[in-house]
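Notes follow the structure.
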């Protein structure tokens, strides 16, 4: 019983305490700016993003980055490809949807600079995000830099979740490396990249694990943050997050050698941050509920435990039906929602329901500038010749 209880709270309570204690006194400091800024190839993999891609390209062409930079858009639907065509932007389009992993492979294969930055079309990068990420690569042991994800409702339930995730990743990074990366902002050395399997559902985590297995570190940089709209539709969040949990479990199963104690410096993080939190913990909670039911007649602890679970279940149901739970039950609802998501993800993993291609939500249009930013803003300092017309390239191999 005690072991089941510890497993239930490990991912959300015990592991954060463990990583917090382990990182005590190991505060990481921002590296100095390099004398020569490395070249960046910014890759945007976009499908059905015509409503937001223009604003994204405006943001990138005006980015405050002093080194050479190129922008590559991998767009496999004609509307997004057409909306991406402008001076200084290379567009790769196959005409059919091949999945995120293949899109990343094609974008990296077309990149020409030392560093590659992956970012999403609907994520707004902080003005200094590219600088903040690039300066870490003066350390030759760093293979990738994970940015921070923020949402536009920082005080809501999703905002609280991402604040907690950010704290956890900062603590992990202080111990040497983190496995927690997000596709909204991820920079890495092009030479450290290995092509992703076409059927992988969590391309960012797979890429990070590749780099860690190659002997390099993945560090976390909170100043390289991106802002994304929080989803008001928890049913859509359910679909997205259960898919991610199933994808994480699939990755850990296929790469289970990394879970052997001592295999990697981040093996404890794989267990705590990825595996126990997303599967063992919620499953243990279900078992505890089953054990508490017959014990409720004679144990007030069992009754209290069941009452707490009932409050969590009702609050989560309110979220899923579009209602906001009152007061402190909002946090309870978010925790139980994540537990339910984990169980849903386990079910999808067992059922092999973990597609590399998934339904895309409709996004509201975001206005872009009426005219593109000056092309020189994405050229090396001192270069004044505008880039040529946008190029439609044949898809690169996987």
*Taking the convex hull of the Cα atoms, report for region 1-79 its projected area averaged over all directions, in nm².*
10.3
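I need 278, 166, 235 ordered by Cβ neighbour count within 10 Å, fewest first.
On the way: 278 25, 166 17, 235 11.
Arranged by neighbour count, lowest to highest, 278, 166, 235 become 235, 166, 278.
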*How big is the antiparallel share of DSSP beta bridges in region 30-229, given as a percent to the nearest 5?*
25
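Convex hull volume of the Cα atoms in region 209-257, per residue, in Å³? Before the final figure, lay out the partial values.
Numbers: hull volume 4.5 nm³, N = 49.
Output value, Cα hull per residue: 91 Å³.
Taking neighbour counts of Cβ atoms within 10 Å as a proxy for exposure, in what order, fewest first, do 293, 216, 118, 320 appear?
Result, fewest neighbours first: 293, 320, 216, 118.
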*Restricting to region 41-135, compute how many DSSP beta bridges are antiparallel as a %, nearest 5.*
0
*State the dimensionless ratio Rg/Rh of region 30-229 (Rg: radius of gyration of Cα atoms; Rh: Kirkwood radius).*
0.94
*Give me the distance in nm between label points sitting 7 Å out from Cα along the Cα-to-Cβ direction at residue 267 and residue 138, one decimal.*
3.5
*asked:* Please compute the length gained on full extension between residue 12 and residue 96, using 0.36 nm multiplied by the number of residues separating them and subtracting their Cα-Cα distance.
replied: 26.2 nm
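Taking 0.36 nm per intervening residue step and subtracting the Cα-Cα distance, what contour gain separates residue 229 from residue 22 on full extension?
On the way: separation 207, 0.36 × 207 = 74.52 nm, distance 3.32 nm.
This chain segment gains 71.2 nm when fully extended.
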*Spin-label pair residue 236/residue 286, simplified geometry with 7 Å Cα→Cβ offset, distance in nm*: 2.8
*asked:* Give me the extension gain from residue 331 to residue 256: residue separation times 0.36 nm, minus the current Cα-Cα distance, reported in nm with one decimal.
replied: 23.7 nm
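The numbers here are math on the coordinates, done by the rules we state, and not lab data. Owing to the predicted nature of the structure, the values given are computational and were not obtained by experimental measurement. Here the Cβ is made from the backbone with ideal geometry for all residues, glycine too, and neighbour counts use every protein chain on show.
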